[in-house]
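Quick notes on the structure that follows.
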Amino acid sequence: MFIKVSNDRIEIEKLISMINNEKNGAIVTFIGTVRDSNEGKNVTKIIYDAYLPMAEIELEKLLKETKLKFNILDACVHHRIGEFYPGEIVVFIAVSSEHREEAFNACKYIIDRIKETVPIWKKEFYGEESRWL
């Protein structure tokens with residue numbers, strides 16, 4: 001398992017290679033990007049912030065829980081923090097398993113739970129206006 005919360009560029013190929021091995025039958029990935037609109041407003045940029053020590057602890061717990069719940073072989077998550085613009089990649093998740101169904105289900109579960117339990121916050125900017133989500 002690999003977890004990272006930072007402003008560093010996400011190295012997708014490197015992360016996939018970290019969880020790839022001869023037991024895998026599937027590797028499923030999720031790439032989250034900044035979109036240019038939300039709820040009818042034009043998004044000009046986003047700032048992600050996190051309580052780093054707790055975010056890393058929660059991500060580690062989440063990946064361990066996911067591994068048991070979905071019988072996956074391995075997983076990695078890199079969530080960026082800082083200022084980002086539409087089109088930029090801000091989160092990457094990869095899950096490996098013997099079968100694709102477990103990998104797809106686990107990948108969806110991880111991104112959904114990150115939004116619910118990991119202390120990472122998003123502030124959207126719409127020109128002069130902004131709000132924390």
Item to complete: Could you please let me know if residue 130 is of a type in the set (Ser, Thr, Tyr), within 24 Å of residue 35 (Cα to Cα) and not in a helix (DSSP H, G or I)?
Response: yes
Worksheet entry | Count of residues meeting criterion [surrounded by fewer than 15 Cβ atoms within 10 Å (Cβ to Cβ) and either assigned to a helix (DSSP H, G or I) or not basic (Lys, Arg) (or both)] in the range 3-17 | 8
Worksheet item: Looking only at the range 65-114, which residues are among the polar types (S, T, N, Q) and within 16 Å of residue 21 (Cα to Cα)?
Response: 71, 96, 97
Item to complete: From 32, 87, grab the single residue that is on the phi > 0 side of the Ramachandran plot and not in a helix (DSSP H, G or I).
Response: 87
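Go through 84, 104 for me and flag whichever is more than 11 Å from the chain's Cα centre (by Cα), aromatic (Phe, Trp, Tyr) and surrounded by fewer than 17 Cβ atoms within 10 Å (Cβ to Cβ).
104
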Item to complete: Could you tell me whether any residue of the range 53-62 is in a helix (DSSP H, G or I), surrounded by 15 or more Cβ atoms within 10 Å (Cβ to Cβ) and out of contact with any strand residue (DSSP E or B) (no Cβ under 7 Å at 6 or more places or on another chain)?
Response: yes
Discussion item. Considering only the range 63-72, I want to know if a residue exists there that is surrounded by 13 or more Cβ atoms within 10 Å (Cβ to Cβ), part of a strand (DSSP E or B) and not hydroxyl-bearing (Ser, Thr, Tyr).
Written reply: no
Worksheet item: Here are some conditions: (1) assigned to a helix (DSSP H, G or I); (2) more than 12 Å from the chain's Cα centre (by Cα); (3) loosely packed, with under 15 Cβ neighbours inside 10 Å. Residue 112 meets all but one. Which one does it not meet?
Response: (2)
Practice prompt. Could you please tell me which pairs satisfy a Cβ distance under 7 Å, a separation of 6+ or placement on different chains, a first residue in the range 30-41 that is touching a residue at least 60 places away in the same chain (Cβ under 8 Å), and a second residue that is of a type outside the set (Ser, Thr, Tyr) and part of a strand (DSSP E or B)?
Written response: 30/93; 31/89; 31/92; 32/90; 32/91; 38/124
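Since every read-out is calculated from the coordinates, none of them should be taken as a lab result. Predicted model only: the values in this text are computed from it and were never measured. All Cβ positions, even for glycine, are placed from backbone atoms using ideal geometry, and neighbour counts span all protein chains on display.
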